[in-house]
1. Here are Thr251, Thr206, Thr276: which of them is in contact (Cβ under 8 Å) with a residue 24 or more places away in the chain, within 25 Å of Phe98 (Cβ to Cβ) and surrounded by fewer than 17 Cβ atoms within 10 Å (Cβ to Cβ)?
2. Considering every residue within segment 166-174, establish whether at least one is of a type in the set (A, V, I, L, M), at pLDDT 85 or above, within 17 Å of Asp91 (Cβ to Cβ) and not assigned by TED's automatic domain parsing to the domain that holds Ala225.
3. Looking at segment 148-171, can you tell me whether even one residue there is in a helix (DSSP H, G or I) and closer than 16 Å to Leu97 by Cα?
4. Give the residue, chosen from Gly257, Gly308, that is closer than 21 Å to Asp181 by Cα, surrounded by 22 or more Cβ atoms within 10 Å (Cβ to Cβ) and either among the aromatic types (Phe, Trp, Tyr) or under 18 Å from the mean Cα position of the chain (by Cα) (or both).
5. Could you list, in sequence order, the residues of segment 293-305 that are outside any loop (DSSP other than H, G, I, E, B) and more than 22 Å from the chain's Cα centre (by Cα)?
6. If you scan segment 120-149, which residues turn out to be touching a Pro at 6+ places or on another chain (Cβ under 8 Å) and closer than 30 Å to Gly227 by Cα?
7. Of all residues in segment 29-82 being of a type in the set (Lys, Arg) and touching a residue at least 40 places away in the same chain (Cβ under 8 Å), which is surrounded by the most Cβ atoms within 10 Å (Cβ to Cβ)?
8. May I ask you to verify whether Ser85 is under 29 Å from Glu183 (Cβ atoms), of a type in the set (Gly, Ala, Ser), touching an Asp or Glu at 6+ places or on another chain (Cβ under 7 Å) and buried (at least 18 other Cβ atoms within 10 Å of the Cβ)?
Amino acid sequence: MARHGVPTAQSATFADATAAKNFAASLGGRCAVKADGLALGKGVLLCASVAEANRAIDEILVAKSFGMAGAKIVIQELLDGMEISLHALCDGKTAKLFPTAQDHKQALDGDHGLNTGGMGAYSPAPFLSEAELKRVGEEILTPWLRGCASESIDFRGILYPGVMLTKAGPKVLEFNARFGDPETQVFLTRLENDLVELLVASVDGTLDQIELKWSPLVSVCVVLASGGYPGNYAKGKPISGLEAAAELPNTKVFHAGTTRADEAVVTNGGRVLGVTAWAADLRAARALAYAAVEKIQFDGAHFRRDIGAKAL
C-alpha cells in the first residue's frame, strides 16, 4: 500500500526471531508485536518491556500461536494517545471521509485482556471536531492518494486506517482495504445515502459528485462473544431472546458468528452478535444497546460493559 508522506508509526517486518528481538530492544521493549498474516484481529500482543517483547516474539514467530499468520511478524513502536478508526470511500482520485468512530479492541472492561477483532464501537467519537477530522484526513489521505498515483495504483473502495492521536499528531497504525468490524454497524445505522449508489460511484470514479449524508444520532454497537473468546470457545450454543431484542425501538442485531440448527439459532464463532442501537445522545444509545443485550442469552456469553464510556 502506497504511504508516501503518510505519518506512520515506526515499524519493521521480521522472519527471524533474533533480528526481531534486537529491533524490539531498540524501542526499549515498548512495542506491538503483530502477526503479519490474517489472524481475525487477534494477532497483536502489546508489550511494555524487553522481556515482554521477547516472549511475544517467541509466542508468535517461534511457537506459531497464530499458525502461518505468524510466519512473519511486524514490530511497531507503542504509541501513547487515543486510538480512533477512520474510514474513507475512494474512487482512485477522490476520498470521502466517514465520521469518527472508536473501536474497543481488548476483551475486558477498561481495555484489559487480550486483543480481539473488536468488542464494540460507537460513532461519532468526540475526540475530533469536524475541522480536526478534515485535517487528519488530509494529512493521511492526501499523501496516500498521491503515493498511489505515483505507483500507478488505482484504488477504488473502502480504506480503513487505524489512527493513534498522539501529542506529535496523528499516526497511522495500519491500513485496511475493507470496512472495520464493529465500526461498520455504527456507520451503516447512521448512513443516509444509498450504500449501493456510493459503491457504484466509487467504481465509476464519480465520488466527487456525491455528498455523504449522516444522521446526527449516536450509534453504539456492543458485541456479544462466546465464552473463552478470543481464545478457544465452544460452538452450537442455542441463542434466545433475539425476537425480544428486535422489538426494541432503534435497535438492530447484526449476526456474525451464528448459524441455524433445525429451528434454532446457535453460536458458530467467537464474536456472535453485534447488538446496535441509536439515539439522540451517547447515554441514550448506550442504554438502549445494553437493554437489548440483556434480553439475549446463550451459554457462556460475555460482553464489555463500558462501550463508549471514554466519551462520557
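1. Numbers: Thr251 fails: surrounded by fewer than 17 Cβ atoms within 10 Å (Cβ to Cβ); Thr276 fails: surrounded by fewer than 17 Cβ atoms within 10 Å (Cβ to Cβ).
Testing whether each residue is in contact (Cβ under 8 Å) with a residue 24 or more places away in the chain, within 25 Å of Phe98 (Cβ to Cβ) and surrounded by fewer than 17 Cβ atoms within 10 Å (Cβ to Cβ) leaves just Thr206.
2. No, segment 166-174 contains no residue that is of a type in the set (A, V, I, L, M), at pLDDT 85 or above, within 17 Å of Asp91 (Cβ to Cβ) and not assigned by TED's automatic domain parsing to the domain that holds Ala225.
3. Initially, segment 148-171 is screened for residues in a helix (DSSP H, G or I), giving 148-150.
When the remaining residues are screened for being closer than 16 Å to Leu97 by Cα, the result is none.
Looking through segment 148-171, none of the residues is in a helix (DSSP H, G or I) and closer than 16 Å to Leu97 by Cα.
4. Numbers: Gly257 fails: surrounded by 22 or more Cβ atoms within 10 Å (Cβ to Cβ).
When all the criteria are applied, what remains is Gly308.
5. In the first step, residues of segment 293-305 are kept if they are outside any loop (DSSP other than H, G, I, E, B); the result is 293-294, 297, 302.
If the condition is that a residue be outside any loop (DSSP other than H, G, I, E, B) and more than 22 Å from the chain's Cα centre (by Cα), then Glu294, Gln297 are the ones that fit.
6. Across segment 120-149, the qualifying residues are Gly120, Ala121, Ser123, Pro124.
7. The first filter runs over segment 29-82 and keeps only residues of a type in the set (Lys, Arg), leaving 30, 34, 42, 55, 64, 72.
From what's left, touching a residue at least 40 places away in the same chain (Cβ under 8 Å): 30, 34, 42, 72.
Numbers: Arg30: 17, Lys34: 26, Lys42: 20, Lys72: 17.
This residue is Lys34.
8. On the way: under 29 Å from Glu183 (Cβ atoms): yes; of a type in the set (Gly, Ala, Ser): yes; touching an Asp or Glu at 6+ places or on another chain (Cβ under 7 Å): yes; buried (at least 18 other Cβ atoms within 10 Å of the Cβ): yes.
Here the answer is yes, as Ser85 does meet what is asked.
The values are calculated or read from the model by the stated rules, or taken from the named source; none is laboratory data. All figures in this text were calculated on a predicted structure; none of them were measured in a lab. Glycine gets a Cβ as well: all are built from the backbone with ideal geometry, and neighbour counts include every protein chain shown.
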